[in-house]
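Asks: Following this message is one structure expressed as structure tokens.
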Amino acid sequence: METLINAVVKVIGLAVTKLPDDVVEALREAYSVEKSTTARFNLGNILKTVEIGRAEGIPICQDTGTMTFFVEAGIKSPYLGGLREALIEAARRATGEIPLRPNAVDVITNRNSGDNTGRFVPVIHWKLVEGDRIRIAVMPKGGGSENCSALAVLNPGDGFEGVKRFVVEHVRKCGGKPCPPVILGIGIGGSAELALMLAKESLLRQIGVRHENERIARLEEDVLEEVNSLGIGPMGMGGRTTALDVKIEYAHRHPASLPVGIVVQCWAHRRAFLEVEADGEFRIWQ
């Protein structure tokens, strides 16, 4: 378990100090197409921040987020029994070793735990699968962008056009609050909590990779085009690039409702992955 804890600390460190290549390339592309001097200035500063984080091994944003794990665990893995405790301990150690800003506050006492752990924190989403391999995705989620999460239960007759209207209007209202350019995660269908869960999980997909369903893929492109026509731009100061990408996931729904969840991710779209074999061998990537 000590090996597993150390591996999780390492993957957290990678996530908070090195922005994935697909995100960096999207930011560079945005810089190349922007006409606004202010937008280019803001994107240029973002790219400088990214390079400093990589070069010096320090967090790319002062808000190192709420530590969020997506776990796909093989039911025969020898690590399964102690995995929850290992993830919590890894978040605790990473806070001091990387370091991370303590971001876990008790809602009753308003006291900070000081180590990014607490009641139901770090956030862990579980999926049990066959086999003995464990795959962990870590997504440090900043507070500013999380504040722009939203849920609506639309009428089924609203359809995809209703989904699009809800998302675009919500992004317009958020403006510069989530530190654009953003990546939008959208969950459609299921129940209220499942729609939000799907929205957040969809953000694990690389920028530019479209959904396998053609209609969903077209909806991703349509929403992206409309959001970028709002003119909010980088850091909310105007420009062509309000969003770098839109990710959508969906589930079957009840006949009487159409839940839509939105999870907004800021430009610091931090994510990294860890795969652990039964023999303790592990692989880390972005």
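Asks: Looking at (1) within 26 Å of Val276 (Cβ to Cβ); (2) in a strand (DSSP E or B); (3) more than 13 Å from the chain's Cα centre (by Cα), which one does Ala137 not meet, given that it meets all the others?
Replies: Here Ala137 clears every test but (3).
Asks: Sticking with this one: Counting only residues that are closer than 16 Å to Glu29 by Cβ and touching a helix residue (DSSP H, G or I) at 6+ places or on another chain (Cβ under 6 Å), how many does the range 241-264 have? Explain how you work it out, then say what you get.
Replies: If we filter the range 241-264 for residues that are closer than 16 Å to Glu29 by Cβ, which is where we start, we get 241-246.
From the residues that got through so far, the ones that are touching a helix residue (DSSP H, G or I) at 6+ places or on another chain (Cβ under 6 Å) too are 241-244, 246.
Matching residues across the range 241-264 total 5.
Asks: Would you mind finding the one in Leu87, Leu80 that is within 19 Å of the chain's Cα centre (by Cα), closer than 26 Å to Ser202 by Cα and among the hydrophobic types (A, V, I, L, M, F, W, C)? Full working, then the answer.
Replies: Values: Leu80 fails: within 19 Å of the chain's Cα centre (by Cα).
Answer to the selection: Leu87.
Asks: Can you pull out the helices (runs of 4 or more DSSP H) entirely within the range 1-91 that have at least 1 residues that are over 25 Å from Asp115 (Cβ atoms) and touching a residue at least 12 places away in the same chain (Cβ under 8 Å)?
Replies: Numbers: elements: 2-17, 21-33, 37-56.
Here the list reads 21-33, 37-56.
Asks: Continuing with the same structure: Would you check if there is a residue in the range 196-207 being among the charged types (D, E, K, R), free of Cβ contacts under 8 Å to residues at least 60 places away in the same chain and over 30 Å from Asn42 (Cβ atoms)?
Replies: No, the range 196-207 contains no residue that is among the charged types (D, E, K, R), free of Cβ contacts under 8 Å to residues at least 60 places away in the same chain and over 30 Å from Asn42 (Cβ atoms).
Asks: Among what's in the range 225-245 and is farther than 26 Å from Pro59 by Cβ and in contact (Cβ under 8 Å) with a residue 24 or more places away in the chain, pick the residue that is surrounded by the most Cβ atoms within 10 Å (Cβ to Cβ).
Replies: Across the range 225-245, the extreme among qualifying residues is Val227.
Asks: Sort out which residues of the range 180-229 are of a type in the set (Asp, Glu) and out of contact with any Gly (no Cβ under 8 Å at 6 or more places or on another chain), and write them in order of number. Spell out the reasoning first.
Replies: Step one: list which residues in the range 180-229 are of a type in the set (Asp, Glu), which gives 193, 201, 212, 214, 220-222, 225-226.
Correct list: Glu193, Glu212, Glu214, Glu220, Glu221, Asp222, Glu225, Glu226.
Asks: Among (1) in contact (Cβ under 8 Å) with a residue 24 or more places away in the chain; (2) touching a strand residue (DSSP E or B) at 6+ places or on another chain (Cβ under 6 Å); (3) of a type outside the set (Asp, Glu); (4) assigned to a loop (DSSP other than H, G, I, E, B), there is one condition Pro102 misses while meeting the rest; what is its number?
Replies: Every condition holds for Pro102 apart from (1).
Asks: Shifting gears a bit: Restricting to the range 140-162, name every residue that is in a strand (DSSP E or B) and more than 30 Å from Trp285 (Cβ to Cβ).
Replies: Residues of the range 140-162 in a strand (DSSP E or B): 141, 150-154.
Within the range 140-162, Ala150, Leu151, Ala152, Val153, Leu154 meet the criteria.
Asks: Of the conditions (1) within 17 Å of Met235 (Cα to Cα); (2) surrounded by fewer than 22 Cβ atoms within 10 Å (Cβ to Cβ); (3) touching a residue at least 40 places away in the same chain (Cβ under 8 Å), Asn147 fails just one. Which one is it?
Replies: With (1) within 17 Å of Met235 (Cα to Cα); (2) surrounded by fewer than 22 Cβ atoms within 10 Å (Cβ to Cβ); (3) touching a residue at least 40 places away in the same chain (Cβ under 8 Å) applied to Asn147, the lone miss is (3).
Since every read-out is calculated from the coordinates, none of them should be taken as a lab result. Everything numeric in this text was worked out from a predicted model, so none of it was measured. Virtual Cβ from ideal backbone geometry, glycine too; neighbours counted across all protein chains shown.
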